[in-house]
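Beneath this line is the structure, given in structure tokens, with notes to follow.
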Amino acid sequence: MRKVIKYLKPYWLIALLCPLAMILEVSMDLIQPQLMSDIVNFGILGTAPADENLRYVIQTGIYMLIFSLIGCAGGILSAAFGTITAQKLGNDMRKDTFEKVMHLSFQQTDKFTTGSLVTRLTNDITMIQQFVAMSLRMFVRTGMQFIGGIACLLFLNVNFGLVLVISLPIQLIVVTLIMKRAAPLFGIVQDKLDKVNSVVQENVTGARVVKAFTREEYEINRFDDANTALMETNMKVQKLLAILNPLLMVVMNASVMAIILIGGLQVEAKSMEVGSVMAAVTYITQILMSVMMVGMMFQQVSRAMASAKRVKEVLDTDPVISDGSSAQAEITQGRVEFKNVGFYYPGTAGKPVLKDIDLTVEPGQMIAVLGSTGCGKTSLVNLIPRFYDCTQGEVLIDGVNVKDYELDVLRSKIGVVLQKSELFSGTVAENIRWGDNEASDEEVKNAATIAQADTFIQGFNEGYDTMISEKGASLSGGQKQRMSIARAILKKPKILIFDDSTSALDLSTESKLHEALRSSLSGVTVIMIAQRIASVMRADRIAVIDKGTICAFGTHSELMQSSEIYRDIYYSQMKNEGGEQNG
Ligand code: CTP
Ligand code: MG
């Protein structure tokens with residue numbers, strides 16, 4: 001809640017105007033019954049001549065009309081101020097949370113899950129907004145209605161206090177009992193909503209796979225389960241809340257009857273006017289209504305608390321991977337060294353994925369990394385731009401530990417082409433400019449040419465201005481790979497990492513790419529993960545990885561001599577691709 005107040009600060013003036021306008025509205029509401037009572041007491045039952053009575057009724061009626069118009073204006077203003085505050089606050093909060101999410105490291109986003117982050121950014125913040133808008137208005141309204149109502153009622157006749165003494169505690173007990181049971185459910189509702197969002201998110205992004213495997217039925221069932229779980233928790237909450245209001249209504253009606261009874265007896269005894277009884281009925285209704293409101297507010301508060309806690313969790317998460325302390329460290333050469341590096345993924349109980357990695361890549365060298373699937377190649381290169389931090393040993397660039405660089409400096413000099421090409425909706429040029437926003441058309445085209453992408457891009461109707469649909473769905477796998485390569489090249493990095501990024505290219509395109517890299521990016525260190533011998537043969541050195549360790553390192557011909565694993569891979573691929581390689 002303190003967080004929410006912090007976000008309220010910049011808008012304190014508008015936030016303050018909201019309850020002020022509300023005070024206006026409630027004051028008018030409190031005056032009305034009094035005027036009504038006067039009309040009855042003096043205007044209708046009064047003893048003055050008839051025309052004077054009529055004048056009194058009309059005059060007071062006009063007052064009532066004016067007051068209710070003022071009240072109405074107050075109400076509208078209060079709603080407007082409340083809404084503005086809540087929207088601005090939600091906007092800021094969403095912005096900060098999104099920024100935070102952007103800075104979280106892989107392991108942290110993995111832990112939250114995408115679905116949950118989406119819920120927190122949307123639904124949870126909306127809950128907080130609703131709460132702010134309502135509490136700004138309702139706290140004041142209920143408070144004033146409650147206290148003002150009691151004051152007015154007792155002013156009319158102290159005996160009415162008796163009704164309050166009995167009915168108020170009953171109402172409070174009812175509200176507390178029910179809210180106590182409902183409050184914990186609100187957090188659960190949000191968790192269930194996370195699950196629904198996760199399923200939706202997974203299936204919408206993976207729609208193609210779902211269709212390819214005709215898993216629609218299964219996934220629909222999975223969604224049904226999550227959705228039903230959400231509904232059931234919501235039902236539980238609603239059932240509790242459904243009891244609340246009718247119970248409160250019973251208490252209220254009983255109280256009204258008690259007021260009429262007490263008032264009636266007093267009118268009989270000529271110690272009270274009929275109009276005052278009418279006013280008292282209105283006041284008691286207002287008082288008990290405000291208690292009902294408190295019930296409603298409790299509900300909003302517990303909902304908002306649950307949501308605020310979830311948003312706070314994100315806001316309070318410090319990125320585990322953050323800037324290093326060496327502000328002046330710069331990558332100028334691109335020498336990469338792994339010194340006795342070991343690594344395990346968080347949450348895998350220390351089961352090592354990499355161990356005892358010692359590897360030096362000289363500036364401008366092209367190193368290939370080869371190894372069977374799941375042996376740890378991606379994990380190895382992920383340590384260089386600090387997508388993860390190694391758990392043992394150290395990774396150095398130009399002799400400086402990667403953890404000492406500022407993240408921006410480090411990553412701006414490393415071009416990464418991920419194993420799975422991710423493109424974004426926008427034009428071809430926009431996608432390549434991810435590498436460098438300021439790049440000229442010339443530079444974009446140049447990068448695309450090196451990446452062997454220029455030809456196919458020129459083939460598009462609108463060339464570099466062709467729109468790419470979400471996630472690059474309108475491109476072939478090899479086209480996506482080459483776009484991602486162009487994007488990485490445009491960054492003018494000192495170190496280029498290709499994670500199996502040429503797997504979808506035919507051999508001749510791939511070899512053209514290699515030549516272009518060699519000639520255009522001579523000073524750049526290239527680390528290239530590949531599965532095909534044909535792809536790695538041209539590298540200066542090849543590192544063969546087996547079960548998380550480098551089991552062989554050398555040139556193609558050296559490895560053919562010394563490494564049995566390398567020979568095995570070589571011959572098995574020759575056999576499969578047979579004629580193509582030898583012929
Ligand atoms: N792994 C993990 N948590 C992750 C990613 C990977 O526990 N977030 C595990 C995988 O199960 C695997 C090992 O780490 O056993 C190595 O994964 P990776 O480095 O991705 O393997 P690659 O060699 O890149 O495999 P591939 O050729 O299939 O890309
Ligand atoms: Mg991989």
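Filtering Leu418, Leu380 for residues that are within 16 Å of ligand 2 (Cβ to nearest atom) and open to solvent by 60 Å² or more (accessible area, probe 1.4 Å) leaves a single hit, Leu418. With respect to the conditions (1) free of Cβ contacts under 8 Å to residues at least 60 places away in the same chain; (2) open to solvent by less than 60 Å² (accessible area, probe 1.4 Å), Leu16 falls short on a single one, namely (2). Restricting attention to the stretch 51-81 and to residues that are open to solvent by less than 40 Å² (accessible area, probe 1.4 Å) and either outside any helix (DSSP H, G or I) or touching a residue at least 40 places away in the same chain (Cβ under 8 Å) (or both), the residue that is nearest to Val26 (Cα to Cα) turns out to be Gly71. Taken together, the residues in the stretch 544-559 that are closer than 14 Å to Met366 by Cα and open to solvent by 60 Å² or more (accessible area, probe 1.4 Å) amount to 1.
Screening the stretch 360-432 for helices (runs of 4 or more DSSP H) wholly inside it with 2 or more residues that are aliphatic (A, V, I, L, M), within 16 Å of ligand 1 (Cβ to nearest atom) and closer than 30 Å to Ser511 by Cβ returns the ranges 377-382. Inside the stretch 105-126, residues that are open to solvent by less than 40 Å² (accessible area, probe 1.4 Å) and modelled with pLDDT of 90 or more make up a count of 5. Confirm whether Leu517 is open to solvent by 10 Å² or more (accessible area, probe 1.4 Å) and touching a strand residue (DSSP E or B) at 6+ places or on another chain (Cβ under 7 Å). Judged against the criteria, Leu517 is not a match. For Lys491, which of the numbered conditions (1) within 16 Å of ligand 1 (Cβ to nearest atom); (2) closer than 18 Å to Ile527 by Cβ fails to hold? Failing condition for Lys491: (1). For residues that are open to solvent by 60 Å² or more (accessible area, probe 1.4 Å) and within 20 Å of Met64 (Cβ to Cβ), scanning just the stretch 32-50, find the one that is modelled with the highest pLDDT. Among them, the one singled out is Met36.
Within the stretch 162-182, does at least one residue satisfy the condition of being among the small types (Gly, Ala, Ser) and either without any contact (Cβ under 8 Å) to a residue 12 or more places away in the chain or open to solvent by 30 Å² or more (accessible area, probe 1.4 Å) (or both)? No, every residue in the stretch 162-182 fails to be among the small types (Gly, Ala, Ser) and either without any contact (Cβ under 8 Å) to a residue 12 or more places away in the chain or open to solvent by 30 Å² or more (accessible area, probe 1.4 Å) (or both).
Is it the case that some residue within the stretch 320-332 is part of a loop (DSSP other than H, G, I, E, B), within 16 Å of ligand 2 (Cβ to nearest atom) and not aromatic (Phe, Trp, Tyr)? Scanning the stretch 320-332, I find no residue that is part of a loop (DSSP other than H, G, I, E, B), within 16 Å of ligand 2 (Cβ to nearest atom) and not aromatic (Phe, Trp, Tyr), so the answer is no.
For the stretch 143-154, the count of residues that are of a type in the set (S, T, N, Q), in contact (Cβ under 8 Å) with a residue 12 or more places away in the chain, out of contact with any strand residue (DSSP E or B) (no Cβ under 9 Å at 6 or more places or on another chain) and open to solvent by less than 80 Å² (accessible area, probe 1.4 Å) is nonzero. For the residues Val320, Val314, the requirement of being surrounded by 15 or more Cβ atoms within 10 Å (Cβ to Cβ), farther than 30 Å from Met144 by Cβ and in contact with a Ser or Thr (Cβ under 9 Å, 6 or more places away or on another chain) singles out Val314. Remark: Glu330 falls outside the filter, which requires a residue to be closer than 30 Å to Asn41 by Cβ and either charged (D, E, K, R) or without any contact (Cβ under 8 Å) to a residue 40 or more places away in the chain (or both). For Ile331, the conditions (1) over 17 Å from Gly399 (Cβ atoms); (2) touching a Phe, Trp or Tyr at 6+ places or on another chain (Cβ under 8 Å); (3) surrounded by 14 or more Cβ atoms within 10 Å (Cβ to Cβ) all hold with the exception of (1). Comparison of Ala504, Ala534 shows that the only residue that is within 18 Å of Gln573 (Cβ to Cβ), open to solvent by 10 Å² or more (accessible area, probe 1.4 Å), aliphatic (A, V, I, L, M) and part of a helix (DSSP H, G or I) is Ala534. Considering the stretch 348-372, and only residues there that are open to solvent by 70 Å² or more (accessible area, probe 1.4 Å) and touching a residue at least 40 places away in the same chain (Cβ under 8 Å), the residue that is nearest to ligand 2 (Cβ to nearest atom) turns out to be Lys355. Just one of the listed residues (Asn197, Asn203) is open to solvent by 40 Å² or more (accessible area, probe 1.4 Å), more than 30 Å from Ile150 (Cα to Cα) and assigned to a helix (DSSP H, G or I), namely Asn197.
The values are calculated or read from the model by the stated rules, or taken from the named source; none is laboratory data. Computed from a predicted structure; not experimentally measured. Every residue, glycine as well, gets a Cβ built from its backbone with ideal geometry; the counts of neighbours run over all protein chains shown. Accessible surface areas use protein heavy atoms only, side chains included; no ligands, DNA or RNA. Shrake-Rupley method; radii C 1.70, N 1.55, O 1.52, S 1.80 Å.
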